[in-house]
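The values are calculated or read from the model by the stated rules, or taken from the named source; none is laboratory data. Just so it is clear, the model here is predicted, and its values are computed rather than measured. No Cβ is skipped: glycine too gets one built from the backbone with ideal geometry, and neighbour counts run over all protein chains shown. To get the accessible areas, we keep the full protein, side chains included, count just its heavy atoms, and leave off ligands, DNA and RNA. Shrake-Rupley method; radii C 1.70, N 1.55, O 1.52, S 1.80 Å.
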Amino acid sequence: MENLMQGVMEKVKTWARINSPWAIHYNSGSCNGCDIEILATLTPRYDVERFGIKLQGSPRHADVLICTGPVTLQSRDRLVRIYEQMPEPKFVVAVGSCGISGGVFQGCYNVVGDISEVIPVNVYIPGCPPRPEAIIHGVVELLKSLQP
Amino acid sequence: MEPKTAPEKFIVPIGPQHPALKEPGHFEFTVEGEVVTNATARLGFVHRGMEKGAENRTWVQDLYLMERVCGICSHVHALAFSLGVEKLAGVQAPPRAQAIRELVSELERIHSHLLWLGVAAHEGGFDTLFMFSWRDRETVMDLLETISGNRVNYSANVLGGVKIDINEKQADAIRKGMDFLEERTQHYLKVVTEDETFLGRTRNIGVMTYEQADFLGAIGPTGRASGVKRDVRVDSPYTAYSDFPVNLVTHTHGDLEARFIVRIKELYESYRLVRELVDKMPAGELTVKVPRRIPEGEVISRVEAPRGELLYFLKSNGSDKPERVKVRTPSLCNWSSVLVTAVGHNLADMPMILAGIDPCFSCNDRVVTVNRKTDSTQMDWEDLRQYGIEYYK
Ligand code: SF4
């Protein structure tokens, strides 16, 4: 009986997660380009809130961590801390060429590298910066992969 | 900037990950009750070491690196860099290229100011205005995309000219876009000057007098809202600004309302300029040839970014790589003004005061030497490197 209840609960949770993921955004050293495109996805033309995706402030409420930029030495610890504060299960989306490979900032002395060197990444969205449509597509792909 | 701590005071830390700011910065406000008595900022989370990185890349590669100092004002960075390199090489971009550079600069200013208007309104809790202005901003993003192929980081510049051209169809689209935006901007001006609730959050908040602004070195729209008559486009015209001049917009009140008004009036100037530019675009070539090795020398180039004066210092040793690239961006100049004007206001006003200078972190997280009277230290590159290694051990 208990097992059955647990199974049902899990199903409900997955359903809720897929239909309304809450996201948090952290910029670990980007040039801003990716960040303004992420903000643009919230505004009327793209409006991801109609899909139930909500950008909010606290890592403790978030399912998805949207990261931009290469990781700088200064923000590395913060990024790890934010990641650790998120409840399980958690997913990471790396936005932009910088998050994938370090982009143009490769080899700068204060840059650790791409995001996957610091935390595990689930989805990469290429582009410099990716268009808002691409960002939405990336998040949708992530949600699709959660479908049981 | 040490936080003053007394037992009865309370320190409110904000950031570096913060829902309202899209970039990391850390602030500490000391409050007594609701009133802020001291403010400190810690920047540097997005310091990447680009100036040093530029020395390992060729001049052409640097153009694309410098464009990514900041995604919001990417064009002006590439512009300042290429103007400097062209001066060093002793060439000048053709008139049509100069006009297109100015056109893209002004379109970028429109996008940046509309972006700021939205963000600042959002900080004050006026989300409707945020959504409206960002919706309208998409118009200019579309225009930038039609002429350059990318919404952000347009890479319009090449050393010696531009790589994009404007045809009649694009010119028409631009004219239409400007008409639409002008109408909308009228509405915004009305909102920020007449709406009671809005004025309650902006009038006489964060006042910076002319003396303070002058002393703290505030520049750009932030300074101009306090009556500082400084604008590189007017003081030392670059690209085509001498043929298509811009009128200086200033205000005397120095409060948040004035900063809104100055930026919105600058939007009108930009609309006018953009229209003039597409109507009277000079004909001709788009590029001149620039040698791969840039002759030895030093140069300073200045342009007016949406946030204020942007200065590049370039030093060449005659090779295909720069010896030194130094960037001075406007946001850093304006930070101190926030920390001063914040004192004495309610904590609830802080987000708007912060947003009032249109802060941007990605461009100002550079190594700075603070010249305090007593304990100032100078480090050379080796010391600094060693210090960094020790610090992060
Ligand atoms: S991918 Fe491009 S736009 Fe995004 S942070 Fe990196 S340089 Fe900026």
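Which condition number in (1) in contact (Cβ under 8 Å) with a residue 60 or more places away in the chain; (2) more than 29 Å from A:Asn110 (Cα to Cα); (3) not basic (Lys, Arg); (4) not in a loop (DSSP other than H, G, I, E, B) is the one that A:Gln6 fails?
For A:Gln6, the failing item is (1).
Of B:Glu211, B:Glu183, which residue is under 30 Å from B:Pro282 (Cα atoms) and acidic (Asp, Glu)?
Of the residues listed, the single one that is under 30 Å from B:Pro282 (Cα atoms) and acidic (Asp, Glu) is B:Glu183.
From the residues in the stretch A:63-78 that are open to solvent by 10 Å² or more (accessible area, probe 1.4 Å), more than 20 Å from B:Ile14 (Cβ to Cβ) and not β-branched (Val, Ile, Thr), which one is farthest from the other protein chains (Cβ to nearest Cβ)?
The residue in question is A:Asp63.
Mind listing just one residue for me: the one in the stretch A:125-141 that is among the hydrophobic types (A, V, I, L, M, F, W, C) and surrounded by 19 or more Cβ atoms within 10 Å (Cβ to Cβ) and, of those, farthest from B:Met66 (Cα to Cα)? Give the derivation first.
Of all residues in the stretch A:125-141, those among the hydrophobic types (A, V, I, L, M, F, W, C) come to A:125, A:128, A:134-136, A:139-140.
Then keep just the ones that are surrounded by 19 or more Cβ atoms within 10 Å (Cβ to Cβ); that gives A:125, A:128, A:135, A:139.
Numbers: A:Ile125: 23, A:Cys128: 14, A:Ile135: 24, A:Val139: 30 Å.
If we take residues in the stretch A:125-141 being among the hydrophobic types (A, V, I, L, M, F, W, C) and surrounded by 19 or more Cβ atoms within 10 Å (Cβ to Cβ), then A:Val139 is farthest from B:Met66 (Cα to Cα).
Based on what the data block shows, is B:Ala121 more than 26 Å from B:Arg292 (Cα to Cα), in contact with a helix residue (DSSP H, G or I) (Cβ under 7 Å, 6 or more places away or on another chain), in a helix (DSSP H, G or I) and within 13 Å of chain A (Cβ to nearest Cβ)?
It is true that B:Ala121 is more than 26 Å from B:Arg292 (Cα to Cα), in contact with a helix residue (DSSP H, G or I) (Cβ under 7 Å, 6 or more places away or on another chain), in a helix (DSSP H, G or I) and within 13 Å of chain A (Cβ to nearest Cβ).
Cβ-Cβ distance below 6 Å, separation of 6 or more or different chains: which pairs start in the stretch A:27-41 with a residue that is under 8 Å from B:Val46 (Cα atoms) and more than 8 Å from the ligand (Cβ to nearest atom) and end on one that is at pLDDT below 90 and open to solvent by 10 Å² or more (accessible area, probe 1.4 Å)?
none
When you go through (1) within 16 Å of the ligand (Cβ to nearest atom); (2) more than 10 Å from chain B (Cβ to nearest Cβ); (3) open to solvent by 50 Å² or more (accessible area, probe 1.4 Å) one by one for A:Asn122, which number turns out not to apply?
(1)
Name every residue in the stretch A:79-88 that is part of a loop (DSSP other than H, G, I, E, B) and either touching a helix residue (DSSP H, G or I) at 6+ places or on another chain (Cβ under 8 Å) or facing chain B (nearest Cβ under 10 Å) (or both), in order of residue number.
Result: A:Met86, A:Pro87.
If we keep just the residues of the stretch B:39-64 that are among the hydrophobic types (A, V, I, L, M, F, W, C) and within 7 Å of chain A (Cβ to nearest Cβ), which is farthest from B:Val343 (Cα to Cα)?
B:Met50
Of the numbered conditions (1) surrounded by fewer than 23 Cβ atoms within 10 Å (Cβ to Cβ); (2) in contact with a Pro (Cβ under 9 Å, 6 or more places away or on another chain); (3) among the aliphatic types (A, V, I, L, M), B:Val85 fails exactly one; give the number of that condition.
Every listed condition holds for B:Val85 apart from (1).
Tell me, which residue of the stretch A:97-119 that is in a loop (DSSP other than H, G, I, E, B) and in contact with a Ser or Thr (Cβ under 7 Å, 6 or more places away or on another chain) is farthest from the other protein chains (Cβ to nearest Cβ)?
Looking at residues that are in a loop (DSSP other than H, G, I, E, B) and in contact with a Ser or Thr (Cβ under 7 Å, 6 or more places away or on another chain), I get A:Asp114.
Here is a check on your reading of the model: is A:Ser101 among the polar types (S, T, N, Q), open to solvent by less than 10 Å² (accessible area, probe 1.4 Å) and farther than 17 Å from A:Leu143 by Cβ?
Numbers: among the polar types (S, T, N, Q): yes; open to solvent by less than 10 Å² (accessible area, probe 1.4 Å): no; farther than 17 Å from A:Leu143 by Cβ: yes.
No, not satisfied.
More than 12 Å from the ligand (Cβ to nearest atom), touching a strand residue (DSSP E or B) at 6+ places or on another chain (Cβ under 6 Å) and either open to solvent by less than 20 Å² (accessible area, probe 1.4 Å) or outside any loop (DSSP other than H, G, I, E, B) (or both): which single residue out of A:Ala94, A:Ala23 fits that description?
A:Ala23
Do we have any residue at all in the stretch B:50-60 that's surrounded by fewer than 17 Cβ atoms within 10 Å (Cβ to Cβ), modelled with pLDDT under 70 and hydroxyl-bearing (Ser, Thr, Tyr)? Full working, then the answer.
Step one: of the stretch B:50-60, the residues surrounded by fewer than 17 Cβ atoms within 10 Å (Cβ to Cβ) are B:55-56, B:58, B:60.
With the extra rule that they be modelled with pLDDT under 70, the set shrinks to none.
Looking for residues that are surrounded by fewer than 17 Cβ atoms within 10 Å (Cβ to Cβ), modelled with pLDDT under 70 and hydroxyl-bearing (Ser, Thr, Tyr), one finds none in the stretch B:50-60, hence no.
For A:Lys90, are the conditions met, namely being under 19 Å from A:Pro132 (Cβ atoms), of a type in the set (Lys, Arg) and free of Cβ contacts under 8 Å to residues at least 40 places away in the same chain?
So A:Lys90 fails the test.
Looking only at the stretch B:151-170, how many residues end up being in contact (Cβ under 8 Å) with a residue 24 or more places away in the chain and surrounded by fewer than 18 Cβ atoms within 10 Å (Cβ to Cβ)?
3
Looking at the stretch A:4-26 only, could you name the residues that are modelled with pLDDT under 85 and closer than 19 Å to A:Val121 by Cβ?
A:Arg17
Restricting to the stretch A:117-146, count the residues that are under 13 Å from A:Cys67 (Cα atoms) and within 12 Å of the chain's Cα centre (by Cα).
10
Could you say whether any residue in the stretch A:42-62 is within 7 Å of chain B (Cβ to nearest Cβ), in contact with a Gly (Cβ under 9 Å, 6 or more places away or on another chain) and surrounded by 18 or more Cβ atoms within 10 Å (Cβ to Cβ)?
yes
For the stretch B:240-271, give me each residue that is polar (S, T, N, Q) and open to solvent by less than 10 Å² (accessible area, probe 1.4 Å).
B:Ser270, the sole residue that qualifies.
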